[in-house]
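Q: The following block contains the structure, expressed as structure tokens.
FYI, it's all coordinate maths here, none of it is from the lab. Being a predicted model, the structure only gives us computed values, none of them experimental. No Cβ is skipped: glycine too gets one built from the backbone with ideal geometry, and neighbour counts run over all protein chains shown.
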Amino acid sequence: MPQPYPRFHPGPSAGRLDSFSERGARELARRIRTAWADIGWDVEVRVERIASEELGDGRSIAHFIVRSDLINGMPQRRLEGAATRTLPRAA
């Protein structure tokens, strides 16, 4: 029986993905979207700039966050043409 949801693990991701950088946040968003799409779910994932930090030498570092339309970690829409398998309800 196929797993009804992607295997996600709490904590830092493998490979030390820096999800606060724009590049890292975009990669994390891509991984989330792809993991759900692989099992037939459409998840909206976006990257937003949340803050900037001054470094003191005239430069600044921007920080980013990944947001999605998952509710309690579960998707809301099937991909068009995907099999109609339901997910277990989140508590």
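Q: Using Cα pairs closer than 8 Å and at least 6 residues apart in sequence, work out the relative contact order for segment 22-69, in percent. Before the final figure, lay out the partial values.
A: Numbers: 67 pairs, mean separation 18.6, N = 48.
Computed over segment 22-69, the figure is 39 percent.
Q: At 7 Å along the Cα-to-beta-carbon direction for both SER68 and GLU54, put a label point, then send me their distance in nm to one decimal.
A: 3.7 nm
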